[in-house]
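Visitor: Quick one: the structure is below, questions incoming.
The values are calculated or read from the model by the stated rules, or taken from the named source; none is laboratory data. None of the values given here were measured: they were computed from a predicted structure. As a convention, Cβ positions derive from the backbone with ideal geometry for all residues, glycine included, and neighbour counts pool all protein chains shown.
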Amino acid sequence: MGVMSPAKQSAADATVELAARLTEALQRERIVPRFVDSYVVEHGRQGLQVHAALYRDLLALLQREALIAASVHAVEIVTDNFQPTAKSKPRPMLRKDAVAYRRKYLSALARHQKWSAGDALDFQRDFQIYEELIARSGPGRKRKPFEAANHPFVDRCAFLLDSSFLEKARVAASRALTALEELTEQVVTSLK
């Protein structure tokens, strides 16, 4: 068995730490349950919470979407603002290094979540879909609070949450996305 270089070891440790802290922060801050509960109260959609099993399944699906969105944002922050030394200026990682970081992060996340190979591949596929859709939408502009974001998290969550009131669900999901992005930025900053 080969020995890892110190630089590779610290990169692997950083991805493990990021995966652990990000999932723990999502659980601790309860962004998804608060998002669903506030949507139910704000729009009088108590039917979403009537059946406990369906409500738990909805929360689990939305929590997974939140983890995908937060993971994509975290990897984007790390790879776009790479700082090899404390005194160097932040710059984007080289493409091959960014791909390697992404791969290490996804495997660290799969180990942390104790996913099967199939679950890990499903998550990786959805992660890639998010990345591609976000890249296609181009640089984001500052949106107004009543405006829905052009983001896959917003569309997927709105459809899962309340497809009959899609636009209202999109605006609520957009607010949740803002909270997710702020939380992700806090977690990434705390690791530096």
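Visitor: Go through (1) modelled with pLDDT of 95 or more; (2) buried (at least 16 other Cβ atoms within 10 Å of the Cβ) and name the single condition VAL78 misses.
Guide: (1)
Visitor: Could you tell me how many of the residues in the range 38-48 are surrounded by 12 or more Cβ atoms within 10 Å (Cβ to Cβ) and touching a residue at least 12 places away in the same chain (Cβ under 8 Å)?
Guide: So the answer is 5.
Visitor: Taking LEU67 as the residue in question, decide whether it is part of a helix (DSSP H, G or I) and either buried (at least 17 other Cβ atoms within 10 Å of the Cβ) or among the aromatic types (Phe, Trp, Tyr) (or both).
Guide: Details: part of a helix (DSSP H, G or I): yes; either buried (at least 17 other Cβ atoms within 10 Å of the Cβ) or among the aromatic types (Phe, Trp, Tyr) (or both): yes.
Taking the combined requirement at face value, the residue satisfies it.
Visitor: Consider the range 45-55. How many of its residues are closer than 18 Å to SER163 by Cα and in a helix (DSSP H, G or I)?
Guide: From the range 45-55, those closer than 18 Å to SER163 by Cα are 45-51, 54-55; that's our starting set.
Of the ones still in play, those that are also in a helix (DSSP H, G or I) are 46-48, 54-55.
So the answer is 5.
Visitor: Right, another one. Which residue out of LEU18, LEU61, LEU22 is of a type in the set (A, V, I, L, M), surrounded by fewer than 16 Cβ atoms within 10 Å (Cβ to Cβ) and modelled with pLDDT of 90 or more?
Guide: Values: LEU18 fails: surrounded by fewer than 16 Cβ atoms within 10 Å (Cβ to Cβ); LEU22 fails: surrounded by fewer than 16 Cβ atoms within 10 Å (Cβ to Cβ).
When all the criteria are applied, what remains is LEU61.
Visitor: Any idea which of (1) modelled with pLDDT of 90 or more; (2) among the aliphatic types (A, V, I, L, M); (3) crowded, with 18+ Cβ neighbours inside 10 Å is the one ILE134 doesn't satisfy?
Guide: (1)
Visitor: With respect to the numbered conditions (1) in contact with a Leu (Cβ under 8 Å, 6 or more places away or on another chain); (2) among the aliphatic types (A, V, I, L, M); (3) modelled with pLDDT of 90 or more, which one is the sole condition not fulfilled by LEU177?
Guide: Every condition holds for LEU177 apart from (1).
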